[in-house]
Amino acid sequence: MTEFAFIEELSDDAHEEKNQRKQEFPLMPEGEAFDMGTDESGKPLIDPRIFDAPEFFRNPYPYYRILRDHYPVFHDKLHNTFWITRYEDITECYFDDEGFNTIPKGSSSGVLGNTQLELSGVEHRRRRNLYGQHLVGKALNNRIPAIEHLADEIIDGWTNLKEKDSPFVKDENGRRTIELGQVFANEFPIRVVCEVLGFPKESQSQFYYWYNSMMSGLGGSDTHKMGVEARQDLEDYVSEIVEKRREKPTYLYDNEGNPISKDIISKLCETKVDGDFLSSEEITSNIALVVGGGGETTRGAIMNMWALLLRHPDQFSEVLKHEENWDKAFHETLRHSSSIGGQPRHNSFDIEMHGVKIPAGSLMQMVDFSANHDDRIFKDPEKFNIFREDLYSGKLLRSGYAKEGKCSHMAFGVGPHLCPGAWISHQEAVVGSKIMSKRMRNPKIREDLMPKDIDGKKPAPMGIISVRDLWLEFDL
């Protein structure tokens, strides 16, 4: 939900020029930046064309380090934006809801509808409170039985996939090989969101269409029409459900089949603002936000977390011994290799940061990726360590955490616009991973099936996208 992806409408000539620019930056060993020259004082230069290059997407952190150290506010004239890369600067902007006013208008509403992402101040607080109560506290705990049931159900289905000769499940010599994305991580978050929202099971296949089309529609003009059509189809479907739920709510159940709480749609149907019930359009917009926050974010967190833990077997061993360490693993994964990039903002007033003048209304990119690797905050930021002493690993807080030498990661942001799907993403990734860790004995990564770095030996860097395929094997 908070990734900075913007629509570019380019001519054929512009596309060709952009592709040519991508080839100008060679792939470097992970952690090393391509030398783009220096100025008269010896300060390294940054060519903004690097931001379009494959080298940047696979190996971004040495370039973020240059930005943080030498250009904490980088005026990128090529992309008409200002990159903000230091942790403290980004935090300050996130908490100033008036000075740095939400995401750019129109960047989400075309597909997701009239959501809180583009609102600020009182109106934003009212919208957020409409469903915030359904995503935290007791309501969060009420979802655990449904999440556990769905995780077991999906894992039980692996044997059936194997019998159907699925290319993603193979048994050999007492070991089973799976591709975690195809057999679990891609499907699990969407099914969980579908269930806790209260969609009928028969609508699940349609839910995949809504989710995939709307998420794709946020990324570019070619898919925007498809996203808008899917969103309208979702609203039409939800309007029928809403009319029924207003009369007869439906529930979530515990492991014994006893009702424990109403599902989110039923609760939203009961919600009033200024004495009026929410419209179907308002309910649909809230649903779209939860879907996005609990879908792709969770998929990326699960894939990255398992890849990092299995490549650090000592830490994985400690997670298996003490289940509370899954929370630490989740937070450190999102600090080290988040699938969420940052949040764009428009500044309401003319400002100056680090000697750079930023006119009112400028596009400012708050680069959470960079903040999470700021060595002013986190020691040895390139190192994955679930036991690091400078990272807060407790309950997600909108206010963030910055005391006693510990700070929150920035994967979900902080402040008024903290990602609304943060809590459900945390819960899904941790609960689902606990279930998998009990069902997979002695898991290892099939490195022979994984992509390699430029040396042909080491694993390919995660970069600023999540692991797309993760091949694992475990004892049957």
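The values are calculated or read from the model by the stated rules, or taken from the named source; none is laboratory data. Since the structure is predicted, the reported quantities are computational estimates derived from the model, not experimental observations. Positions of Cβ are generated from backbone atoms using ideal geometry, with glycine treated the same way; all protein chains shown enter the neighbour counts. Side chains included, ligands, DNA and RNA excluded: accessible areas come from the protein's heavy atoms. Shrake-Rupley method; radii C 1.70, N 1.55, O 1.52, S 1.80 Å.
Looking at region 273-287, I want the residues that are farther than 12 Å from Asp236 by Cα and open to solvent by 10 Å² or more (accessible area, probe 1.4 Å) and have a partner that is assigned to a helix (DSSP H, G or I) and of a type in the set (Lys, Arg) with Cβ atoms under 9 Å, at least 6 apart or on another chain. Which pairs are those?
If the second residue must be assigned to a helix (DSSP H, G or I) and of a type in the set (Lys, Arg), the pairs left are Val273/Arg126; Val273/Arg127; Asp274/Arg126; Phe277/Arg246; Glu282/Arg127; Asn286/Arg127.
Need the failing condition index for Lys357 against (1) more than 22 Å from the chain's Cα centre (by Cα); (2) open to solvent by 20 Å² or more (accessible area, probe 1.4 Å); (3) modelled with pLDDT of 95 or more; (4) over 22 Å from Tyr94 (Cβ atoms), just the number.
Lys357 satisfies every listed condition except (4).
Picking from Met410, Met462, Met366, which residue would you name as being open to solvent by 10 Å² or more (accessible area, probe 1.4 Å) and either of a type outside the set (D, E, K, R) or part of a helix (DSSP H, G or I) (or both)?
Numbers: Met410 fails: open to solvent by 10 Å² or more (accessible area, probe 1.4 Å); Met366 fails: open to solvent by 10 Å² or more (accessible area, probe 1.4 Å).
Unique residue meeting the criteria: Met462.
Do any residues in region 321-349 that are farther than 16 Å from Gln427 by Cα and of a type outside the set (Ser, Thr, Tyr) have Cβ atoms under 6 Å from those of residues that are modelled with pLDDT under 90 and in a strand (DSSP E or B), where the two are at least six apart or on different chains, and which pairs are they?
Short answer, once both residue conditions are applied: Arg345/Phe100; Asn347/Phe100.
Just give me the residues in region 55-88 being open to solvent by 40 Å² or more (accessible area, probe 1.4 Å), within 19 Å of His346 (Cβ to Cβ) and in contact (Cβ under 8 Å) with a residue 40 or more places away in the chain, in sequence order.
Selection gives His75, Asn80.
Take Ser399 and tell me if it is of a type in the set (Ser, Thr, Tyr), assigned to a loop (DSSP other than H, G, I, E, B) and under 18 Å from Ser337 (Cα atoms).
On the way: of a type in the set (Ser, Thr, Tyr): yes; assigned to a loop (DSSP other than H, G, I, E, B): yes; under 18 Å from Ser337 (Cα atoms): no.
No; evaluated as a whole, the condition is false for this residue.
Conditions tested, residue by residue: (1) touching a Gly at 6+ places or on another chain (Cβ under 9 Å); (2) crowded, with 18+ Cβ neighbours inside 10 Å; (3) farther than 29 Å from Gly157 by Cβ.
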{"residue": "Leu396", "(1), (2), (3)": "no, yes, yes"}
{"residue": "Val414", "(1), (2), (3)": "yes, yes, yes"}
{"residue": "Gly421", "(1), (2), (3)": "yes, yes, no"}
{"residue": "Lys457", "(1), (2), (3)": "no, no, yes"}
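Taking Glu428 as meeting all but one of (1) open to solvent by less than 10 Å² (accessible area, probe 1.4 Å); (2) out of contact with any Asp or Glu (no Cβ under 8 Å at 6 or more places or on another chain); (3) closer than 22 Å to Tyr87 by Cα; (4) of a type outside the set (A, V, I, L, M), write down the number of the exception.
(3)
Taking Val192 as meeting all but one of (1) open to solvent by 10 Å² or more (accessible area, probe 1.4 Å); (2) closer than 24 Å to Leu470 by Cβ, write down the number of the exception.
(1)
For Ala151, which of the numbered conditions (1) open to solvent by 50 Å² or more (accessible area, probe 1.4 Å); (2) part of a helix (DSSP H, G or I) fails to hold?
Looking at each condition in turn, Ala151 falls short on (1).
For Glu382, are the conditions met, namely being touching a His at 6+ places or on another chain (Cβ under 8 Å), of a type in the set (Asp, Glu) and on the phi < 0 side of the Ramachandran plot?
Working: touching a His at 6+ places or on another chain (Cβ under 8 Å): yes; of a type in the set (Asp, Glu): yes; on the phi < 0 side of the Ramachandran plot: yes.
Yes, satisfied.
So, of the residues in region 232-261 that are of a type in the set (Lys, Arg) and in contact (Cβ under 8 Å) with a residue 24 or more places away in the chain, which turns out to be least open to solvent (accessible area, probe 1.4 Å)? So that I can check it myself, show each step before the final result.
First pass over region 232-261, keeping only residues of a type in the set (Lys, Arg): 244-246, 248.
If we keep only those that are in contact (Cβ under 8 Å) with a residue 24 or more places away in the chain as well, we get 245-246.
On the way: Arg245: 25, Arg246: 82 Å².
Here the residue is Arg245.
When you scan region 435-452, how many residues do you find that are part of a helix (DSSP H, G or I) and surrounded by fewer than 16 Cβ atoms within 10 Å (Cβ to Cβ)? It would help to see each step written out before you state the result.
First, the residues of region 435-452 that are part of a helix (DSSP H, G or I): 435-439, 447-449.
Next, only the ones that are surrounded by fewer than 16 Cβ atoms within 10 Å (Cβ to Cβ) stay: 438-439, 447-449.
Of the residues in that region, 5 qualify.
How about region 236-344: which helices (runs of 4 or more DSSP H) wholly inside it have at least 2 residues that are within 17 Å of the chain's Cα centre (by Cα) and at negative phi?
280-294, 296-310, 325-337
Applying the selection to region 345-360, what residues are among the polar types (S, T, N, Q) and in a loop (DSSP other than H, G, I, E, B)? Write out each step before concluding.
Taking region 345-360 as the starting set, the residues that turn out to be among the polar types (S, T, N, Q) are 347-348.
If the condition is that a residue be among the polar types (S, T, N, Q) and in a loop (DSSP other than H, G, I, E, B), then Ser348 is the only one that fits.
Restricting attention to region 430-476, which residues are among the acidic types (Asp, Glu) and without any contact (Cβ under 8 Å) to a residue 24 or more places away in the chain?
First, pick out the residues of region 430-476 that are among the acidic types (Asp, Glu): 447-448, 453, 455, 469, 473, 475.
Scanning region 430-476 gives Glu447, Asp448.
Specify which of the listed residues (Glu324, Glu332) is closer than 30 Å to Arg441 by Cα, crowded, with 19+ Cβ neighbours inside 10 Å and of a type in the set (Asp, Glu). Write out each step before concluding.
Values: Glu324 fails: crowded, with 19+ Cβ neighbours inside 10 Å.
That would be Glu332, the only listed residue that is closer than 30 Å to Arg441 by Cα, crowded, with 19+ Cβ neighbours inside 10 Å and of a type in the set (Asp, Glu).
Could you give every pair whose Cβ atoms fall below 8 Å, whose first residue belongs to region 25-54 and is of a type in the set (S, T, N, Q), and whose second residue is modelled with pLDDT of 95 or more, counting only separations of at least 6 or pairs across chains?
That search, which allows pairs on different chains as well, returns Thr38/Pro44; Thr38/Leu45.
Can we say Lys22 is among the charged types (D, E, K, R), out of contact with any strand residue (DSSP E or B) (no Cβ under 9 Å at 6 or more places or on another chain) and modelled with pLDDT under 95?
On the way: among the charged types (D, E, K, R): yes; out of contact with any strand residue (DSSP E or B) (no Cβ under 9 Å at 6 or more places or on another chain): yes; modelled with pLDDT under 95: yes.
Answer is yes for this residue.
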